Amino acid sequence: MLPPSLSALFEGFDGSQSAYSALARKLEPALAELPEVRVALLASCTVEVVKPFLLVEGARRGLRFTIWCGPYGQIEQQVLDAGSELYAFKPDVVFVLPRLEDWAGESLQSFATDREALRLSLVQRSQQVAQALRRHSAASLLWSAYATPRLPGVEGAPGLFGAGSLAAFATVLNGETAAAIEAVPDARLFDLPAVVARCGAKRWHDERMSFLARMPFSGEGFAVLGASLARAIRALRVPPRKCLVLDLDNTMWGGVIGEAGLGGIKLGDTFPGNAHQALQRAAKALRSRGVLLAIASKNNRDEALEAIEGHPDMLLRPADFSAMEIHWEDKATSLRRIAKALNIGTDALVFVDDNPAEREWVRQQMPEVAVIELPASVAGYATAIEDSEWFDTAVVTQDDAKRAAMMSQQAERQALQESSGSLEDYLAALQMRVQAGPVNAETMERVVQLLAKTNQFNLTTRRHSRADLEGLLNNGAVALWMRVADKFGDNGLIGVVIGVPEGDVWRVDSLLLSCRVIGRGLETALLGLLARQAASRGGRVLMGEFVPSDRNQQTRDLYARHGFEPKGDDGQFWTKALEPLENFAIPAYLDLSYDK
């Protein structure tokens, strides 16, 4: 969400090319309060024109883009030369756009006869450039997929598509390029064909400017590219929201259940029922990616549950929701209860309601909640959720996919805790099995994800990227992960600790746990594991660090509770001798195994 001073600059913005240029000039001096992302653009054609579009679209998403654009056709020269302008710029993100017609050149005219060799050479060329970039830079890489070229005389009748067509060749090439690029750490394919489709192929190309200035895209094309690229960069830099909260009447189904009854609500394979199903389908897809679903509805609970449980055309059932607030209290109250029940911040919520008055109420009462503005027609509801970008993520891990099921298991754990005589009895009854080990290629993505989005139980809230973490490890740091399973199910990879050697003192750079396992003594186990690793490497002192934020106050006394002594008066650093290691005992109720 933009500060009011920046939001005001967007008033009256009509999206025209001239409006982008004018707004970019106004925005540049006003962007200092936004987090900076340094973006380098490399292309086989001229793309300098995209800069004002990209700057505006970045600002719209709360990011300040500092943009450097390399000379056209100089992709390999800039990447392979360690002393190039690219590396002097010190980018956070590098976007590479090699057009197929530029990189393949005259070979495309006869691609039908030697397509295998051409495809192999293009894939190898891409991978070599990506690997060279990674050797010289920690920047995230977005590599543009190939859009099907427009080559008169090569394709034949428009609209025909076969195994030997140029379009089929580009499709296969993109699949192989994706595999090659994604084998390089922190590198991903950017879906340029989807951008072209969004703009429309005829409106995307500018043949005149292509001949005049090697600038093949139209002003409209650059606008769509700027928005799509800004969205992709945001997904790399900003963690997604965690929970989608849905209204029921006239949102998940058409009509009011209390008036129309189970048989009267609109839900099915004809309009508008199919549009409401599309919204449910979009929500279900988000759930499969790890987004939690919840309900906030003013309704009679029994009638609403009858529809959710029993209507034959409902795609979402009670088991799909991690929290349900169905009553006649106001929506802000419901949202606060949902956040508390799920143990997440209210700033992790995204609210969807067909009623403009309800949306405005939530905006006023809870400005930190993302409220999706729905169009007048239900036909656009599902698209509005997708276009909101609140759930965009660069990668979906296996733990993400299991998150909703884990929340269901959490209710069973809560019931066990309430029936236990003491905390010790509860922890023992959970029968926790803990697995831990050093961070490696298999666990890296999930660890980086936890570092990026864990707020509550996070002693320093340092947001290390993959490249940052790899740099620490290469310089002698130790990073450990932790997985926890219990009698109710697998919680997944939920803990991380990073220790950095500073002589014979080991500083705890990061210590964090997922909110769903707080209160089980797992932080004690993480400290104990790190202490053993530090001592085995010659460490004599473990130095804890606490960097306060508005969300991690519950961890303020962690080091004091574990016998550390304060170093200074500000409460940031705490120390404890590593010998004897018995002072870092791991709780006996944990069945722990360590993967070396």
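At a 1.4 Å probe radius, carbon and sulfur cover how many percent of the accessible area of the chain?
Roughly 51 percent of what the probe reaches on the chain is carbon or sulfur.
With every protein chain present, what accessible area does W506 have (1.4 Å probe, heavy atoms only), rounded to the nearest 10 Å²?
10 Å²
Over the alpha-carbon set of the chain, divide Rg by the Kirkwood Rh and report the Rg/Rh ratio to two decimals.
My calculation puts Rg/Rh at 0.99.
Taking the full set of protein chains and a 1.4 angstrom probe, give the accessible area of I385 in square angstrom, rounded to the nearest 10.
The accessible area comes out at roughly 10 Å².
With unit charges on the beta carbons (Lys and Arg positive, Asp and Glu negative) and the dipole taken about the Cα centre of the range 303-449, which residue among L427, A341, S377 sits farthest to the positive side?
Most positive-ward Cα: L427.
Given points 7 Å out from each Cα along the Cα-Cβ axis, report the Q109 to E565 separation in nanometres with one decimal.
Roughly 8.1 nm, to one decimal.
Find, to one decimal place in angstroms, the Kirkwood hydrodynamic radius of the range 194-249, where the mean of 1/r is taken over every pair of different Cα atoms and then inverted.
Result for the range 194-249 stands at 13.6 Å.
Within the set K51/K202; K453/K576; K26/K51; K51/K90; K242/K453, which residue pairs have Cα atoms separated by over 20 Å?
K51/K202; K453/K576
For the range 464-539, what is the accessible area per residue in Å², given a 1.4 Å probe and the full set of protein chains?
27 Å²
Explain nothing, just compute: Karplus ³J(HN,Hα) = 6.51 cos²θ - 1.76 cosθ + 1.60, θ = phi - 60°, for every residue of the range 82-89 in order, whole Hz, x for Gly and Pro.
With the stated coefficients, the range 82-89 comes to 4, x, 6, 4, 4, 6, 5, 5 Hz.
Can you compute the modelled spin-label distance between S593 and F271, with each label point 7 Å from Cα toward Cβ, in nm?
5.7 nm
Quote the FRET efficiency, to the nearest 0.05, computed for A179 versus F211 with a Förster distance R0 of 35 Å and r equal to the Cβ-Cβ distance.
It comes to 0.50.
From the protein chains alone at 1.4 Å, what is the descending order of accessible area for R289, R540, R433, largest first?
The ranking, largest first, comes out as R540, R433, R289.
Counting pairwise Cα distances across the range 380-526, what percent come out greater than 27 angstrom?
The proportion of pairs with Cα distances above 27 Å equals 31 percent.
Taking just the alpha-carbon atoms of the range 1-115, what radius of gyration and Dmax come out, in angstrom?
Radius of gyration, then largest Cα-Cα span, for the range 1-115: 17.7, 59 Å.
Using 0.36 nm times the number of residues separating H136 and A19, minus their current alpha carbon distance, what extension gain do you get?
Net length gain for the segment: 38.4 nm.
Working from the pairwise distances between different alpha carbons, so that the mean of 1/r is found and then inverted, what is the range 240-364's Kirkwood radius in Å?
When all Cα pairs of the range 240-364 are included, the Kirkwood radius is 14.5 Å.
Bin width 5 Å, origin at 0, all Cα-Cα pairs of the range 315-416: what percent of pairs per bin?
Final binned percentages: 2, 10, 17, 21, 24, 15, 8, 2, 0, 0.
What is the extension gain from R551 to S420, computed as 0.36 nm multiplied by their sequence separation minus the C-alpha to C-alpha distance, in nm to one decimal?
44.2 nm
Mind checking the per residue accessible area of the range 209-338 for me, 1.4 Å probe, whole number of Å²?
Averaged over the residues of the range 209-338, the accessible area is 39 Å².
Treating the range 194-306 as a set of equal point scatterers at the Cα positions, no solvent, please give the Debye-formula log₁₀ I(q)/I(0) at q = 0.19 Å⁻¹.
Result of the Debye calculation: -0.99.
For the range 199-257 and the range 2-75, write down the distance between their C-alpha centroids in whole Å.
Each part reduced to its Cα centre gives a spacing of 15 Å.
In the chain, once you exclude exposed GluC sites (Glu not before Pro) (DSSP loop, at most 13 other Cβ within 10 angstrom), what's the longest stretch remaining?
34-328
Assuming R0 = 25 Å, can you tell me the calculated FRET efficiency for the pair W328 and K284, based on Cβ-Cβ distance, to the nearest 0.05?
E between W328 and K284, to the nearest 0.05, is 0.35.
What number comes out for accessible area per residue over the range 47-133 if the probe is 1.4 Å? Units Å², please.
Per residue, the range 47-133 has an accessible area of 41 Å².
Please state, rounded to one decimal and in Å, the Kirkwood hydrodynamic radius that the range 35-194 gives when every pair of distinct Cα atoms enters the mean of 1/r.
Taking the inverse mean of 1/r over all distinct Cα pairs, the range 35-194 comes out at 16.6 Å.
The values are calculated or read from the model by the stated rules, or taken from the named source; none is laboratory data. Please read these numbers as outputs of a predicted model, since none were measured by experiment. Every residue, glycine among them, receives a Cβ derived from its backbone with ideal geometry; neighbour counts consider all protein chains shown. For accessibility, only protein heavy atoms count, side chains too; no ligands or nucleic acids. Shrake-Rupley method; radii C 1.70, N 1.55, O 1.52, S 1.80 Å.
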